[in-house]
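For reference, the structure discussed in these notes is given below.
The values are calculated or read from the model by the stated rules, or taken from the named source; none is laboratory data. In this text, all values refer to a predicted model and were calculated from it rather than measured experimentally. Cβ placement follows ideal geometry from the backbone for every residue including glycine, while neighbour counts extend to all protein chains displayed. Keep in mind that these areas ignore ligands, DNA and RNA; they rest on the heavy atoms of the full protein, side chains included. Shrake-Rupley method; radii C 1.70, N 1.55, O 1.52, S 1.80 Å.
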Amino acid sequence: MENNRPFWTSKYSFIITTIGSAVGLGNIWRFPYIMGQYGGAIFLAVYILIISTICFIPLMNELYIGKTTKKECVGAYESINKNFKYLDALNPITGVLIASFYFIVGGWIINYIFKSLVNSNINDWGQYFSAFIQAPVYPCILTLLFISICIFFTAKGLKNGIERANKLFMPLLAVILIFLVIVSLNLPNAQKGLEYMFKPDFSKLNFHMVLAALGQAFFTLSIGMGALLTYGSYIKEDKSLVKSVYTIILSDTAFALLAGIMIFPAVFSFNMEPNSGAGLVFVTLPKIFSNIPYGNLIAFSFFILLFSAALTSGISIIEGPCATLIERFKITRIRASIILFFIISFIAIPTTLSFSVLGDLKIFGKTLFDFLDFTTSNIMLPVNTLFLCLISGWYLKIKGGDIIRNKIGVFLFNVGLKFIVPIALVCLIYMGLK
Ligand code: PFF
């Protein structure tokens with residue numbers, strides 16, 4: 001089977017696709033609203049510190065394990081030690097569960113793209129958004145549409161589907177983002193938004209915020225569900241990954257920063273609240289778009305941007321479980337994709353309905369959507385990463401030259417794998433459960 005594995009057609013394909021996985025709703029939707037909730041600039045400072053240091057270790061680790069074992073996630077763990085394969089079954093399961101709520105937001109984005117194409121004259125976007133997600137059938141259809149689009153690219157394979165989608169949508173995303181940043185910076189009082197982003201208020205610094213920054217950094221880098229491990233397993237050449245890992249981290253951070261620079265000046269220019277939470281993108285921004293010249297064009301560009309980001313990440317979320325099905329059960333990619341379409345839809349449909357007819361169905365006091373979001377982001381992603389770091393640190397015993405060519409680097413990397421990242425992750429899981 002190993003010989004039938006696909007490989008990236010070039011290093012550029014690997015980098016752009018991995019950046020495509022990292023840059024998603026986490027950057028353009030989640031990052032600005034979490035930054036808004038935790039006080040702006042000070043959160044940004046902590047976030048940059050964490051993403052450029054601690055996150056390097058698990059990100060490198062996942063890619064490295066994939067690259068050296070050349071296996072999908074379950075097989076990769078198994079090749080380290082037979083008993084670990086059950087631990088790693090958690091990775092594709094996490095992928096399917098993340099897909100089941102992430103793709104619902106993808107459906108919402110499609111609706112907003114359609115909406116921006118017609119002159120809708122909506123006065124109360126808050127009410128519009130609640131009514132839209134509470135209508136049972138339409139959001140389900142859009143969720144299925146978004147799942148189908150992601151599955152389409154997955155089914156077409158690494159070169160013709162996944163690479164192609166990323167090579168098309170990532171440059172589009174960058175161009176639209178820069179265009180929208182320019183528009184936003186030219187709004188009146190834009191500098192207030194920049195001050196909010198870049199002038200730290202140290203009184204807002206607290207442990208909870210540090211953990212929120214850590215959780216956000218893991219989520220945005222796609223660490224913890226085998227997506228990167230699978231992407232790493234498609235690397236053919238034996239080159240050091242250090243430069244690639246820093247390119248991924250830098251690009252992901254640049255996209256998140258630009259998303260902030262696009263959103264906050266606009267929010268402050270219209271005297272809106274920067275801490276309106278998840279509704280920032282679906283309620284606050286549409287209100288702003290309705291009030292600026294060429295608002296429809298700008299809204300359309302923004303939601304295409306969001307769609308591109310969600311799509312390239314969505315494809316990576318599916319690839320882990322897809323590769324596992326292909327290699328474990330020796331089935332074709334098309335068949336694996338169809339099976340995944342049904343499994344994800346089977347969970348995503350009731351989850352979409354948790355905003356309407358299934359609103360009363362509660363698991364540990366949470367609706368299905370909130371439960372999936374909470375369990376995957378706060379528990380499963382950190383737990384999976386914890387296992388992988390401990391396994392690499394204590395069993396694999398990575399030696400100099402394998403990853404990092406200098407001795408101090410290898411020493412620090414191993415200390416990080418064995419102690420620093422696991423301690424940070426245990427705190428994250430503990431805080432998540434509190
Ligand atoms: N990194 C993606 C984002 O920022 O939206 C989300 C994600 C993709 C998480 C793939 C996990 C994953 F494996």
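Numbers below:
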{"read-out": "Order by protection proxy (mean Cβ within 10 Å, highest first), peptides 96-104, 337-345", "value": "96-104, 337-345"}
{"read-out": "The chain - Rg over Rh from alpha carbon coordinates, Kirkwood radius", "value": "0.95"}
{"read-out": "Spin-label model distance (nm) - Thr53 vs Ser79, 7 Å beyond Cα toward Cβ", "value": "3.4"}
{"read-out": "Residue list for the range 392-434, given a label point 7 angstrom along the Cα-to-Cβ vector of Lys366 and an amide N cut-off under 12 Å", "value": "432-434"}
{"read-out": "Full-extension gain in nm, Lys397 to Asp238, via 0.36 nm per residue minus C-alpha separation", "value": "55.4 nm"}
{"read-out": "Cross-link reach list, aspartates and glutamates versus Lys287, counting only Cα pairs under 14 Å and skipping chain neighbours closer than eight places", "value": "Asp124, Glu273"}
{"read-out": "Carbon plus sulfur fraction of accessible area for the chain, probe 1.4 Å, in percent", "value": "66"}
{"read-out": "Between the range 342-361 and the range 293-312, the Cα center-to-center distance that results, in Å", "value": "26"}
{"read-out": "Within straight-line cross-link reach of Lys243, lysines at Cα separation under 16 Å, skipping those fewer than 8 residues along the same chain", "value": "Lys11, Lys67"}
{"read-out": "Karplus (6.51, -1.76, 1.60) ³J(HN,Hα), θ = phi - 60°, over the range 46-57, in Hz, Gly and Pro reported as x", "value": "5, 4, 5, 4, 5, 5, 8, 10, 4, 5, 3, 5"}
{"read-out": "Over the chain: helical MRE at 222 nm, DSSP H runs n ≥ 4 each giving -39500 (n - 2.57), nearest 500", "value": "-22000 deg cm²/dmol"}
{"read-out": "R0 of 45 Å, Cβ-Cβ distance Arg164-Arg405: FRET efficiency to nearest 0.05", "value": "0.85"}
{"read-out": "Cα long-axis angle, helix 333-352 against the chain (0 to 90 degrees, to the nearest 10)", "value": "50"}
{"read-out": "Segment Ala45-Tyr294, length gained on full extension (0.36 nm per residue, minus Cα span)", "value": "86.2 nm"}
{"read-out": "Amide H contacts under 5 Å for Ser233, placed H, 5+ residues apart", "value": "Lys67"}
{"read-out": "Inter-part distance where the range 146-170 and the range 218-288 are each reduced to a Cα centre, Å", "value": "19"}
{"read-out": "Partners for Lys70 among aspartates and glutamates (Cα-Cα distance below 14 Å; same-chain residues under 8 apart left out)", "value": "Glu2, Glu62, Glu78, Glu237, Asp238, Glu327"}
{"read-out": "Lysine pair count for the range 288-434 [Cα-Cα under 28 Å; pairs on different chains or 8 or more apart]", "value": "8"}
{"read-out": "Note, ³J(HN,Hα) from phi for the range 257-270, Karplus 6.51, -1.76, 1.60, rounded to Hz, x at Gly and Pro", "value": "4, 5, 4, x, 5, 6, 8, 5, x, 5, 4, 6, 4, 9"}
{"read-out": "Order by protection proxy (mean Cβ within 10 Å, highest first), peptides 57-67, 195-205, 273-283, 23-33", "value": "57-67, 23-33, 273-283, 195-205"}
{"read-out": "On Cα atoms only, tilt of 295-329 relative to the major axis of the chain in degrees", "value": "20"}
{"read-out": "Accessible area of the chain divided out per residue, in Å², using a probe of 1.4 angstrom", "value": "41"}
{"read-out": "14 Å reach of a label modelled at Asn189, 7 Å along Cα-to-Cβ, counting backbone N of the range 282-297", "value": "288"}
{"read-out": "Under the Karplus curve 6.51 cos²θ - 1.76 cosθ + 1.60, θ = phi - 60°, whole-Hz ³J(HN,Hα) for the range 72-88, x wherever Gly or Pro sits", "value": "5, 4, 5, x, 5, 4, 4, 6, 7, 7, 3, 5, 7, 5, 6, 4, 7"}
{"read-out": "At q = 0.23, 0.25 Å⁻¹, base-10 log of I(q)/I(0) for the range 6-55 (Debye sum, equal scatterers on each alpha carbon)", "value": "-0.90, -0.96"}
{"read-out": "Efficiency of FRET between Asp201 and Ile343 - r from beta-carbon atoms, R0 41 angstrom, step 0.05", "value": "0.35"}
